[in-house]
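Structure, as structure tokens:
Each reported figure results from applying straightforward, stated rules to the coordinates on display, with no laboratory input. The structure displayed is predicted, hence computed values, not measured ones. Here the Cβ is made from the backbone with ideal geometry for all residues, glycine too, and neighbour counts use every protein chain on show.
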Amino acid sequence: MKALVIGANGQIGKHIVNQLKKSDEHTVRAMVRKEEQAEELKKNGIDAVIANLEGSKKSLVKAAKGCDAVIFTAGSGGSTGADKTLLIDLDGAVKAIEAAEETGVERFVMVSALQANNREKWSEKIRHYYVAKHYADRMLEASNLNYTIVRPGGLLNEDGTGKVHIAGNLDERGFVPREDVAATVIASLSEENTHKQAFDLVSGETAIADSLKNL
Ligand SMILES: NC(=O)c1ccc[n+]([C@@H]2O[C@H](COP(=O)([O-])OP(=O)(O)OC[C@H]3O[C@@H](n4cnc5c(N)ncnc54)[C@H](OP(=O)(O)O)[C@@H]3O)[C@@H](O)[C@H]2O)c1
């Protein structure tokens with residue numbers, strides 16, 4: 001599968017791009033928003049396209065042309081205001097979903113957030129962020145796409161262990177290395193058990209492939 005990675009210059013995005021580059025099964029096109037980011041990727045032999053989630057849907061359709069899957073791991077980050085959360089995490093994600101539908105890309109893997117599906121658990125301080133994630137996920141579920149929604153817990157920059165805990169609805173808080181989120185996203189691409197599924201992801205004791213098979 002050729003996967004368009006939206007948010008390819010991000011911390012999870014970079015892991016996804018590097019892991020896809022090494023994959024025997026998949027290839028990658030990295031979507032970034034700056035010329036210098038694209039140049040750097042191309043220097044490393046990676047197909048890269050420049051597009052902005054605040055730009056037109058048409059530019060996203062163009063970016064996705066020729067791909068079999070879209071992986072969405074972009075985000076406005078914690079240092080911008082609620083306006084950018086709406087424009088990127090919600091409207092940007094929905095534009096990406098619409099662009100995938102329009103292009104005929106059937107597979108869509110969304111990096112969401114733990115508890116995005118659970119209003120009662122939303123923290124007061126970043127309620128707007130959960131609202132954006134929640135409704136982007138709901139738009140994806142309502143789309144014609146063959147989706148997988150991955151809801152990771154707090155993200156860590158330590159090395160991945162390859163072992164996770166995956167469940168439909170986790171009650172407890174948890175953390176997971178970004179490297180393991182990337183590996184889970186990629187393993188989901190071709191694991192039929194994850195088709196039209198949403199799940200929570202934290203560190204655990206089970207190998208990623210086995211966790212997905214037991215979903
Ligand atoms: N932080 C947490 O604990 C946590 C927990 C669960 C889930 N998540 C989710 O995990 C995902 C990735 O996290 P991360 O740590 O890898 O985030 P990150 O490092 O902040 O990466 C986000 C990426 O999104 C890109 N982006 C922002 N605005 C864009 C736009 N308008 N058009 C195109 N790309 C844009 C950024 O581009 P630039 O590089 O150009 O800035 C960046 O590369 C996000 O969806 C986040 O909501 C986070």
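By the gyration tensor of its Cα atoms, with a ≥ b ≥ c the square roots of the eigenvalues, what is the shape of the range 1-117: rounded for a/c under 1.5, prolate for a/b over b/c, or oblate? Each step should come with its number before you reach the end.
On the way: a/c = 1.43, a/b = 1.29, b/c = 1.11.
Here the range 1-117 falls in the rounded category.
Please give the per residue volume of the convex hull enclosing the alpha carbon atoms of the range 80-215, rounded to a whole number of Å³.
Working: hull volume 14.1 nm³, N = 136.
Each residue corresponds to 104 Å³ of Cα convex hull volume.
Can you work out the FRET efficiency for the pair LYS22 and ASN144, with r the C-beta to C-beta distance and R0 = 30 Å, to the nearest 0.05? Working shown, then result.
Details: r = 31 Å, r/R0 = 1.04.
Efficiency, rounded to the nearest 0.05: 0.45.
Report relative contact order for the range 2-213 in percent, whole number only (criteria: Cα-Cα under 8 Å, sequence separation at least 6).
Numbers: 427 pairs, mean separation 39.3, N = 212.
Rounded, it is 19 percent for the range 2-213.
Taking neighbour Cβ counts within 10 Å as the exposure measure, how do HIS128, HIS134 sort from fewest upward?
Details: HIS128 16, HIS134 19.
Ranking HIS128, HIS134 by Cβ neighbours within 10 Å, fewest first, gives HIS128, HIS134.
To the nearest 20 debye, what is the magnitude of the charge dipole of the range 2-213 about its Cα centre, counting +1 on the Cβ of each Lys and Arg and -1 on the Cβ of each Asp and Glu? Numbers along the way, then the final one.
On the way: 28 positive and 31 negative charges, 101 e Å.
In total the dipole reaches around 480 debye.
Pull up the DSSP beta bridges for the range 2-213 and report the antiparallel fraction as a percent, rounded to 5.
Details: 6 of 36 bridges.
Percentage antiparallel, nearest 5: 15.
Arrange the peptides 188-198, 100-110 so that the one whose residues have, on average, the most other Cβ atoms within 10 Å appears first. Please report the intermediate quantities before stating the final value.
Working: 188-198: 16.7, 100-110: 20.1.
Going from most to least packed, we get 100-110, 188-198.
Would you calculate a helix-derived [θ] at 222 nm for the chain, using -39,500 (n - 2.57) for each DSSP H run of n ≥ 4 and dividing by the full residue count, to the nearest 500? Walk me through the numbers before you get to the answer.
On the way: 7 runs with 74 residues, N = 215.
Result for the chain, helices only: -10500 deg cm²/dmol.
Order the peptides 58-68, 135-145, 86-96 from the highest to the lowest mean number of other Cβ atoms within 10 Å of their residues.
Working: 58-68: 18.9, 135-145: 16.6, 86-96: 22.0.
Output ranking for 58-68, 135-145, 86-96: 86-96, 58-68, 135-145.
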